[in-house]
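Please treat every number below as a calculation from the coordinates, not as lab data. Just so we're clear, the structure is a prediction, and the values are computed from it rather than from any experiment. As a convention, Cβ positions derive from the backbone with ideal geometry for all residues, glycine included, and neighbour counts pool all protein chains shown.
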Amino acid sequence: MTAQDFIPKSYSNNPSQGQHSWSSPSNIALVKYWGKRAHQIPENPSVSFTLNYCKTITLVSYSKKVAHSEFSFEVYLDGELKDSFKPKIETFFKRIEAYLPFLKAYHFKIETKNTFPHSSGIASSASGMSALALCLMSIEQEFTSNTMETSFFYKKASFLARLGSGSACRSLEGDLVVWGEHKEIKGSSNLFGTKYPYTVHKNFKNYQDTILLVDKGEKQVSSTVGHNLMHNHPFANRRFEQAHDNLSKLISVFESGDLDAFIKIVESEALTLHAMMMTSMPYFILMKPNTLEIINRIWKYRAQNQSKICFTLDAGANVHVLYPESETKEVMTFITSELVAFCQNGHYISDQIGFGAEYLS
Ligand code: PMV
């Protein structure tokens, strides 16, 4: 498929108003997307666990307007007008207008809320952009008199979400989603996320993710700035190859359920992402001392208890603690007795692998 395939030819319906609501989850990458080309095309393929409880719930109401010259919308977060969100949504609308040509013909009221605290340092862009893309796709579905096929609906919603925030395209489905072309993964695309198509061992069923909130502040470096630092980065090409290799290795790990191999790949990916930031120009250290404390304690606990606990990181200081469902009781005792002390205000979020977005009304 190409981007052209997402440009609608004509519509058979022309509703004057309506509303749609979707909930969409966050996701956590196992092989990281870091570095992009124009139009949010990733430099390397990535794969993520879709989360279950960290979600954005968005309601979009639309009504026909007279003048078609500009975008017209208002955004509310938790019921309060949020003008600070407008520039990001305006940029998003500009990027997707060619694919949703009705955007300037309507006024949109966007009401959104997150199930996780706004100031938690957890990126809401993946869940937020995917929920918004899905609401817009439900509107387009009405324009086609509900004739759009479900598989196309999800592909296009993921394609649009990607244009809002790259990793958002991996949030629509679950429980494992691939984004970016990979020679061994059938159907993988740079344009949208696709459900991981091969066997996944029962060891990964209900895999747990406890997110330790080490730093709840604003990101030190935005992802846009971070991705751009991969241009002319001295290690960029080797890193992109490594991501392909790690995804190849994960195919057999997912099949065999080899958790030791899984841990090696996932932790190495997290540290590589941070190593890329430390070796770019300008350079950044996104971990905090407590991030390192937590990592060291996870390694010690793993060695002493023959546990399969491991960590991954986003482009920030918070730690995602990943472990099989069978270890939940012991690991939660470890987290609450030892790791919570390193979290800001003792805050953490218990999540687990989930199955993607849901249509609400
Ligand atoms: O979707 P963006 O542009 O915010 O980039 C996200 C990048 C990472 O979260 C660091 C990695 C990933 O693959 O999700």
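Some points to look at:
- Radius 14 Å from Cβ of residue 203, net charge of other residues (Lys, Arg +1; Asp, Glu -1): -3
- Remark: the range 299-310, residue by residue, has Karplus-estimated 3J(HN,Hα) of 5, 5, 4, 4, 5, 6, 10, 6, 8, 10, 5, 8 Hz, where x stands for each Gly or Pro and the curve is 6.51 cos²θ - 1.76 cosθ + 1.60 at θ = phi - 60°.
- The range 273-361: C-alpha gyration tensor shape, a/c 1.5 cut-off, then a/b vs b/c: oblate
- For the residue pairs 195/249; 249/329; 88/156; 86/195, the C-alpha atoms sit more than 22 angstrom apart in 249/329; 86/195.
- Residue order, fewest to most beta carbons within 10 Å, for 139, 298, 7: 7, 139, 298
- R0 of 41 Å, Cβ-Cβ distance residue 53-residue 232: FRET efficiency to nearest 0.05: 0.55
- Cut-off under 5 Å, modelled amide H: who pairs with residue 106 long-range: 65
- Counting every other Cβ atom within 10 Å of each residue's Cβ, 49, 116 order from fewest to most as 116, 49.
- Extension gain, residue 341 to residue 219: 0.36 nm times the residue separation minus the Cα-Cα distance gives 41.8 nm.
- All other residues whose Cβ lies under 15 angstrom from that of residue 267 are scored, Lys and Arg at +1 and Asp and Glu at -1, for a net of +2.
- For residue 18, the residues whose modelled amide H falls within less than 5 Å of its own, excluding neighbours fewer than 5 places apart on the same chain, are 62.
- Once the Cα-Cα distance is subtracted from the 0.36 nm per residue extended length, the residue 200 to residue 66 segment shows a gain of 43.1 nm.
- In nm, spacing of pseudo-spin labels at residue 255 and residue 115 (7 Å Cα→C-beta vector): 3.3 nm
- In loop segments of the range 41-114 as defined by DSSP, the GluC sites (Glu not before Pro) with at most 16 further C-beta atoms inside 10 Å of their C-beta are 70, 97.
- Positive minus negative residues near residue 52 (Lys, Arg vs Asp, Glu; Cβ under 10 Å): -2
- Per-residue 3J(HN,Hα) values for the range 255-266, derived from phi via the Karplus relation 6.51 cos²θ - 1.76 cosθ + 1.60 with θ = phi - 60°, read 6, 7, x, 6, 6, 5, 5, 4, 4, 4, 5, 5 Hz in sequence order (x marks Gly and Pro).
- Look at the dipole of the range 202-352 built from charges on Cβ: of 283, 303, 321, the Cα furthest out on the positive end belongs to 283.
- With the convex hull drawn over the C-alpha atoms of the chain, the volume per residue is 135 Å³.
- Three-way shape call for the range 3-196 based on the alpha-carbon gyration tensor, with the a/c threshold at 1.5: oblate
- Taking the number of Cβ atoms within 10 Å of each Cβ as an exposure proxy, the fewest-first ranking of 132, 339, 292, 103 is 292, 103, 339, 132.
- Computed extension length for residue 293-residue 248: 13.1 nm, one decimal, from 0.36 nm per residue of separation with the Cα-Cα distance subtracted.
- The range 331-361 and the range 122-178 have Cα centres separated by 25 Å.
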